[in-house]
Amino acid sequence: MALIYIVEDDKNIQEIESYALKGSGYDVRVFGDAPSFDAAMKEILPDLLLLDIMLPGEDGLSILKRLRANASTKALPIIMVTAKSTEIDTVKGLDQGADDYITKPFGVMELMSRVKAILRRIKPMSDDVVLKYKTIVLDQERRVCLVDGQSVELTYKEYELLRMFLSNVGIVLTRDVIMETVWDTLFAGETRTVDMHIKTLRKKLGESGSMIVTVRNVGYKFE
């Protein structure tokens with residue numbers, strides 16, 4: 001079963017997350033600050049990290065930045081957990097490489113669904129398939145994205161979003177459909193998650209990001 005690390009200084013949140021994850025059969029280790037977490041990372045790397053932003057000492061965004069700069073943890077799936085709900089905090093986390101985020105207070109079912117969705121998708125691609133459209137190339141075997149021949153680093157969710165668009169060029173995709181396909185779930189009122197990830201994906205694709213077109217009150221399409 002997957003090993004999951006929780007970095008959270010709030011004892012109540014620690015207990016909720018740990019209890020829910022252990023109840024689903026996951027191996028869980030909990031840390032209240034960066035030093036204790038760093039020490040554990042030297043022993044064994046987890047399959048998934050739940051990382052709070054507001055921590056004593058070094059905050060979660062700083063930890064995230066360090067992990068993404070390290071070759072051994074560059075691809076580690078990370079879900080940011082935060083009490084902050086402003087757009088700028090969310091964008092900062094996604095820009096620095098978080099795969100998903102969840103805002104306190106959250107429901108246990110929502111937390112578990114997001115965790116399971118990411119863990120289900122962590123598997124090597126079996127088909128040697130290359131998706132191409134104009135300036136963008138996705139090598140699914142190597143999970144590499146090229147834009148105008150230049151490599152672009154995408155988070156797990158950004159990659160899955162782009163793959164969905166390249167597989168459905170010209171087709172309008174509703175936020176609900178995107179949520180169900182990429183996140184393997186649908187939470188009423190949570191489609192804002194899609195919008196935030198689209199925003200960061202467009203930014204990383206540069207001028208090519210303009211091919212992701214917003215369809216007002218419906219969703220998005222790639223054209």
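Over the residues of the chain, the helix contribution to mean residue ellipticity at 222 nm works out to -12000 deg cm²/dmol, using -39500 (n - 2.57) for each DSSP H run of at least 4.
Express in % the proportion of alpha carbon pairs of the chain at distances exceeding 20 Å.
Cα-Cα pairs of the chain separated by over 20 Å account for 59 percent.
Of the cross-linked pairs 104/203; 92/203; 92/221, those separated by over 22 Å at the C-alpha level are 104/203; 92/221.
Projecting the Cα atoms of 102, 14, 31 onto the charge dipole of the chain, computed from C-beta unit charges around the Cα centre, puts 102 farthest toward the positive end.
Here the scattering of the range 97-181 is modelled by Debye summation over its C-alpha atoms, one equal scatterer each and no solvent; at q = 0.21, 0.22 Å⁻¹ the log10 of I(q)/I(0) is -1.14, -1.20. Projected onto their three principal axes, the Cα atoms of the range 1-123 cover extents of 32, 31, 28 Å, largest first. Phi-derived couplings, Karplus 6.51 cos²θ - 1.76 cosθ + 1.60 at θ = phi - 60°, listed residue by residue for the range 38-52: 4, 5, 5, 5, 6, 8, 7, 8, x, 8, 7, 10, 9, 10, 7 Hz, with x used for Gly and Pro. Since only 137, 81, 62 are under comparison, the one whose Cα sits farthest along the positive direction of the charge dipole of the chain, derived from C-beta charges on Lys, Arg, Asp and Glu, is 137.
Overall, the chain carries a charge dipole of about 520 debye about its Cα centre when +1 sits on the Cβ of Lys and Arg and -1 on the Cβ of Asp and Glu, all other atoms neutral.
Computed on the range 131-212, the Cα convex hull volume stands at 87 Å³ per residue. Estimated translational diffusion coefficient (Stokes-Einstein, Kirkwood radius over Cα pairs, 37 °C, 0.692 mPa s) of the range 1-73: 264 µm² per second. Across the range 154-169, coupling constants 3J(HN,Hα) worked out from phi with the 6.51/-1.76/1.60 Karplus curve, θ = phi - 60°, read 10, 6, 4, 5, 4, 4, 5, 5, 5, 4, 5, 5, 5, 8, 9, 4 Hz, and Gly and Pro carry x.
In this simple spin-label approximation, residue 171 and residue 121 carry label points 7 Å from Cα along the Cα→Cβ vector, and these lie 1.7 nm apart. Accessible surface for residue 26 stands near 30 Å², nearest 10, in the context of the full protein assembly shown (1.4 Å probe). With R₀ set to 25 Å, the beta-carbon distance separating residue 11 from residue 109 gives a calculated FRET efficiency near 0.70. Computed over protein heavy atoms with a 1.4 Å probe, the carbon and sulfur contribution to the accessible area of the chain reaches 52%.
The values are calculated or read from the model by the stated rules, or taken from the named source; none is laboratory data. Owing to the predicted nature of the structure, the values given are computational and were not obtained by experimental measurement. Here Cβ is always computed from backbone atoms with ideal geometry, including for glycine, and neighbour counts include all displayed protein chains. Ligands, DNA and RNA are stripped out before the accessible areas are found, and what is left, the full protein with its side chains, is counted by its heavy atoms. Shrake-Rupley method; radii C 1.70, N 1.55, O 1.52, S 1.80 Å.
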